[in-house]
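Below you'll find the structure, written out as structure tokens, and then a few comments.
The values are calculated or read from the model by the stated rules, or taken from the named source; none is laboratory data. On a predicted model such as this, the values are computed, not experimentally measured, just so you know. Ideal geometry is used to build each Cβ from the backbone, glycine not excepted, and the neighbour counts take in all protein chains shown.
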Amino acid sequence: MNDMTTYDVEKIRRDFPIFSREVHGKPLAFMDSGASAQKPQVVIDTMEKAYLETYANVHRGVHYLSQVSTELYEGAREIVSAHLNAASIEEVIFTKNATESINLVAYSYGWANLKPGDEILLSTLEHHSNIVPWQLIAEKTGAVVKAVPIDEHGEFMLDAYYGMLGPKTKIVAVTHISNAIGTITPVREIIDAAHDAGAVVLIDGSQAAPHMKIDVQSLGADFYVFTGHKVFGPTGIGVLYGKAELLDKMPPFLAGGDMIERVTFEKTTFAKGHAKFEAGTPPIVQAIGLGAAIDYVNNIGFDRIGAHEQMLLAYATEQLKQINSLRIIGQAKHKAAIISFTLDGVHPHDIGTIVDRGGVAIRVGHHCAQPLMDHFDVAATARASFALYNNRADVDALVAAVRSVQEIFG
Amino acid sequence: MMDDLRELYQEVILDHSKRPRNFRHPADANHEAHGYNPLCGDTVNVYLKMGHNGLIEDAAFEGKGCAISLASASMMTEIIKGKTESEAREIFDGFQKLVKGEENEFDAGEDTERLMMLAGVKEFPMRVKCATLAWHAMSSAMDDKPEISTE
């Protein structure tokens, strides 16, 4: 691992044009990357260039621009495939976002394979997007959704999970990192045990992708999903990795152009590989932008990003703990740089409004994780989520802003 | 501290949010509605006892929410008690315009000054729904529509 002194966060901040602006007359202290991350200049430039110089539809024409555009789009798939260490580029499907990726698996794999009484195991940590699609498929198939509990620190309870796994378990869908409280789940143990029980596993990597290197083969995940905009790419692009042997047997999710082999009014045969799941004109420039974003983070290196973020997490945790009446929600042993907290007697929305006037951008609310909020018996929390461009000054701004909340509320 | 924050979180507002008035469920309430803001998960139940000629004989609420929504609900129950249904609706109409910044000459008679305390919300468009949640629930309670959502 590189020495921390080589992590020049100020240089990295200069890669992100947004940090040159102020909010309410204060320097922007942006700690809402868990909702969506800011974009480096290289992603903006790459997308602009694609529109200005090489834009055309993909996979359709024989003309020059169509060919260049197709090469760039498929080049982005190669970047994502290499980044995830997929066995083949055929295993990488571009979607709109992580939510669509999960819905694709639920509606295609789930609908085709689930039978009445089968079980889908989720966890209390899940984002609504990894709960609701499964509930809808359970309604259609007669399968049952169950949630693996977490303990008082917000840790995924492996023992309980092992006890819940059984011959009825067909799908396990668990987050890699909790968006609301930062818990890193023991995905390898989760996947191994699920496979022993004969179930397939979907990992929601939306929060993991910006913070750590992901190796789908080493993890053994059957499906792995993430979204582009949280990993410094544009909105409108998401990724579904799926093992080829599963994808080959799955029916299409969305139907239309580009996913067919041959269409007649009597019968249509479908394309093979990722093409079967990419109906219609795909998000071409968004995919190219995602490729640039992944190159960008890999150039910095996840070892160094991870070390920097863990330093920020430790610093922010220590500083926030000094504040009377502040309670940190979720204190798992292995956490990503996400801190959820509440202040006694102050609703998180009031916290959010007041710190915003100090230029501090954090998320307040239930974080689309209401079962998790129920577990901690809170309606909402304030959440600071850090990324590779945050510095200690951001933490200091957050702490000062939270103290100003206390001043106002007395 | 920024002036608009002081304007929003005035002493009176903080006092109502910490010690909400009429925070109870009257046994003789004959109209009620549940308000829910799915954005933040805030909830409010508004209870009304309506007598002859649409007179609001009692108004109360229970719920969970931010300082703005609790204070607004608390002040609302004080204001509408003793008013008629049509008077209460008229005040709500004016109040909604006030917090949305659409009304510069807000006049709610004797209640003008009190409601002006919440006028600071207009500088915070994301918080308008917090200020109006209980009022929408009041309106639904009078309509006998027991559930409302701000979305």
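Here are the numbers for this structure:
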| item | result |
| --- | --- |
| Among residues of segment A:102-159, those that are in a helix (DSSP H, G or I), within 19 Å of the chain's Cα centre (by Cα) and surrounded by 18 or more Cβ atoms within 10 Å (Cβ to Cβ), counted | 9 |
| So B:Glu110, is it over 13 Å from the mean Cα position of the chain (by Cα), among the charged types (D, E, K, R) and under 22 Å from A:Val405 (Cα atoms) | no |
| Top-ranked residue of segment A:349-373 - restricted to ones that are over 24 Å from A:Gly25 (Cβ atoms) and facing chain B (nearest Cβ under 10 Å), ranked as surrounded by the fewest Cβ atoms within 10 Å (Cβ to Cβ) | A:Gln370 |
| Any pair with Cβ under 8 angstrom, 6 or more apart, that starts in segment A:371-400 at a residue that is farther than 30 Å from B:Asn37 by Cα and ends at one that is of a type in the set (Lys, Arg) | A:Tyr389/A:Arg13; A:Asn391/A:Arg13 |
| Helices (runs of 4 or more DSSP H) contained in segment A:1-97 and holding at least 2 residues touching a Gly at 6+ places or on another chain (Cβ under 7 Å) and modelled with pLDDT of 95 or more | A:41-53, A:64-84 |
| Considering residues of segment A:298-339 that are among the charged types (D, E, K, R) and in a strand (DSSP E or B) only, the residue nearest to A:Val231 (Cα to Cα) | A:Lys335 |
| Condition check for A:Gly75: in the same structural domain as A:Lys249 (by TED's automatic domain parsing) and surrounded by fewer than 18 Cβ atoms within 10 Å (Cβ to Cβ) | yes |
| Residue check for B:Glu87: crowded, with 17+ Cβ neighbours inside 10 Å, away from chain A (no Cβ under 14 Å), out of contact with any Pro (no Cβ under 8 Å at 6 or more places or on another chain) and without any contact (Cβ under 8 Å) to a residue 60 or more places away in the chain | yes |
| Hits in segment A:293-352 (condition: under 30 Å from B:Ala131 (Cα atoms), in contact with a Gly (Cβ under 8 Å, 6 or more places away or on another chain) and basic (Lys, Arg)) | none |
| Test for B:Tyr36: is it of a type in the set (Ser, Thr, Tyr) and either at pLDDT below 90 or surrounded by 23 or more Cβ atoms within 10 Å (Cβ to Cβ) (or both) | no |
| When residues of segment B:21-59 are limited to those that are within 15 Å of the chain's Cα centre (by Cα) and within 13 Å of chain A (Cβ to nearest Cβ), the one nearest to B:Glu113 (Cα to Cα) | B:Val44 |
| Index of the failed condition, A:Ala209 passing every other in (1) in contact with a strand residue (DSSP E or B) (Cβ under 6 Å, 6 or more places away or on another chain); (2) closer than 25 Å to A:Ala143 by Cβ; (3) assigned to a loop (DSSP other than H, G, I, E, B) | (2) |
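Yes/no matrix, rows are residues, columns are (1) farther than 25 Å from A:Tyr7 by Cα; (2) of a type in the set (Val, Ile, Thr):
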position	(1), (2)
A:Thr353	yes, yes
A:Asp356	yes, no
A:Ile362	no, yes
A:Cys368	yes, no
A:Asp374	yes, no
A:Ala384	no, no
A:Leu388	no, no
A:Ser404	yes, no
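Yes/no matrix, rows are residues, columns are (1) of a type in the set (D, E, K, R); (2) surrounded by fewer than 18 Cβ atoms within 10 Å (Cβ to Cβ); (3) touching a residue at least 40 places away in the same chain (Cβ under 8 Å); (4) in contact with a Cys (Cβ under 7 Å, 6 or more places away or on another chain):
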position: B:Tyr47; (1), (2), (3), (4): no, no, yes, no
position: B:Ala59; (1), (2), (3), (4): no, no, yes, no
position: B:Glu62; (1), (2), (3), (4): yes, yes, no, no
position: B:Leu115; (1), (2), (3), (4): no, no, yes, no
position: B:Leu118; (1), (2), (3), (4): no, no, yes, no
position: B:Pro125; (1), (2), (3), (4): no, yes, no, no
position: B:Thr132; (1), (2), (3), (4): no, no, yes, no
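Matching residues to (1) in the same structural domain as A:Ile237 (by TED's automatic domain parsing); (2) in contact with a His (Cβ under 8 Å, 6 or more places away or on another chain); (3) touching a residue at least 24 places away in the same chain (Cβ under 8 Å):
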site	(1), (2), (3)
A:Lys39	no, no, yes
A:Lys49	yes, no, no
A:Thr54	yes, no, no
A:Gly61	yes, no, no
A:Val80	yes, no, yes
